[in-house]
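**Q** If you scroll down you'll find the structure; I have some questions about it.
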Amino acid sequence: QQQVRQSPQSLTVWEGETAILNCSYENSAFDYFPWYQQFPGEGPALLISILSVSDKKEDGRFTIFFNKREKKLSLHIADSQPGDSATYFCAASYSNNRIFFGDGTQLVVKP
Amino acid sequence: NSKVIQTPRYLVKGQGQKAKMRCIPEKGHPVVFWYQQNKNNEFKFLINFQNQEVLQQIDMTEKRFSAECPSNSPCSLEIQSSEAGDSALYLCASSGTGGERLFFGHGTKLSVL
């Protein structure tokens, strides 16, 4: 059973637009939600994360919106840049347990 | 820059051959994870360690896969008899005892011909 789901599978936006990446999860016990950014040929790198006690987390151009009741969250990338073109993974974990990953959203930012 | 060091970056093996890859976790990180990422970007958790002891592992790991994290030596993941379906990117990650913030290496890309 897929614990973490992401949509869309791929997304194309123009430079300067806001990219919105969606994520949902199954297990209500999840309390930590990191987003990873992965470039081709590289390992994933932590981009931003949120705990379930918060409903929003901002870090520069990146913002996570979290809805615990609906078990959904989204990553907003404001003023998208071509260098943001990568695959983004939503993940979830709880209480010192292993992290479950979604299947990723491939983002392309066109100049 | 990743502080988790994985070697080799690329590994090519024939079916039935042994494949071994290594990982040096970030200094001070007692928890080490191995994940398999396939060509569809799907992550599959394989095993994790805390201070050389296995915390969790999947059934697959108990058969052809073996892993260890000896003290004062790199961690390793070994596939005893490689199969075509094992072709994937093998990612090592390390973290503190909270297991939350994972730092990944660049991965070892295994191709089984």
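The values are calculated or read from the model by the stated rules, or taken from the named source; none is laboratory data. Everything numeric in this text was worked out from a predicted model, so none of it was measured. Glycine also receives a Cβ, built like all others from the backbone with ideal geometry; neighbour counts cover every protein chain displayed. Accessible surface areas use protein heavy atoms only, side chains included; no ligands, DNA or RNA. Shrake-Rupley method; radii C 1.70, N 1.55, O 1.52, S 1.80 Å.
**Q** From B:Phe49, B:Phe104, which residue is free of Cβ contacts under 8 Å to residues at least 40 places away in the same chain and aromatic (Phe, Trp, Tyr)?
**A** Going through B:Phe49, B:Phe104 in turn, just one is free of Cβ contacts under 8 Å to residues at least 40 places away in the same chain and aromatic (Phe, Trp, Tyr): B:Phe49.
**Q** Give me the pairs, please: first residue somewhere in region A:33-46 and facing chain B (nearest Cβ under 7 Å) and free of Cβ contacts under 8 Å to residues at least 60 places away in the same chain, second residue anywhere and open to solvent by 50 Å² or more (accessible area, probe 1.4 Å) and part of a loop (DSSP other than H, G, I, E, B), beta-carbon distance under 8 Å, and either six or more positions apart or on two chains.
**A** A:Glu42/B:His106; A:Gly43/B:His106; A:Leu46/B:Arg101
**Q** Turning to a different aspect of this structure: Could you tell me whether region B:16-29 includes any residue that is among the basic types (Lys, Arg) and in contact with a Cys (Cβ under 8 Å, 6 or more places away or on another chain)? Please lay out each step first, then the result.
**A** Step one: of region B:16-29, the residues among the basic types (Lys, Arg) are B:18, B:20, B:22, B:27.
Checking the rest, the ones that are also in contact with a Cys (Cβ under 8 Å, 6 or more places away or on another chain) come to B:22.
Yes, the conditions are met somewhere in region B:16-29.
**Q** Could you list, in sequence order, all residues of region A:56-74 that are touching a strand residue (DSSP E or B) at 6+ places or on another chain (Cβ under 7 Å) and of a type in the set (D, E, K, R)?
**A** A:Lys56, A:Lys57, A:Asp59, A:Arg61, A:Lys71, A:Lys72, listed by residue number.
**Q** Does B:Ser82 meet the test of being over 10 Å from the mean Cα position of the chain (by Cα) and open to solvent by 40 Å² or more (accessible area, probe 1.4 Å)?
**A** No.
**Q** If you scan region A:11-23, which residues turn out to be open to solvent by 80 Å² or more (accessible area, probe 1.4 Å) and more than 16 Å from A:Arg61 (Cα to Cα)?
**A** A:Thr12
**Q** Going by the structure shown, is A:Glu17 more than 24 Å from A:Gln3 (Cβ to Cβ) and either assigned to a strand (DSSP E or B) or within 14 Å of chain B (Cβ to nearest Cβ) (or both)?
**A** Criteria not met by A:Glu17.
**Q** Does region B:3-28 hold any residues that are open to solvent by 40 Å² or more (accessible area, probe 1.4 Å) and closer than 16 Å to B:Pro74 by Cα, and which are they?
**A** Our first condition is that a residue be open to solvent by 40 Å² or more (accessible area, probe 1.4 Å); within region B:3-28, this holds for B:3, B:5, B:7-10, B:12-13, B:15-18, B:20, B:22, B:24, B:27-28.
Within region B:3-28, B:Lys3, B:Ile5, B:Thr7, B:Pro8, B:Arg9, B:Lys20, B:Arg22, B:Ile24, B:Lys27, B:Gly28 meet the criteria.
**Q** B:Gly96: open to solvent by less than 40 Å² (accessible area, probe 1.4 Å), within 14 Å of chain A (Cβ to nearest Cβ), under 27 Å from A:Gln37 (Cβ atoms) and touching a Cys at 6+ places or on another chain (Cβ under 8 Å), yes or no?
**A** Numbers: open to solvent by less than 40 Å² (accessible area, probe 1.4 Å): yes; within 14 Å of chain A (Cβ to nearest Cβ): yes; under 27 Å from A:Gln37 (Cβ atoms): yes; touching a Cys at 6+ places or on another chain (Cβ under 8 Å): no.
So B:Gly96 fails the test.
**Q** Now a separate question. Any idea how many residues of region B:36-59 are closer than 20 Å to B:Ser82 by Cα, surrounded by fewer than 13 Cβ atoms within 10 Å (Cβ to Cβ) and either among the acidic types (Asp, Glu) or away from every other protein chain (no Cβ under 11 Å) (or both)?
**A** Selection size over region B:36-59: 2.
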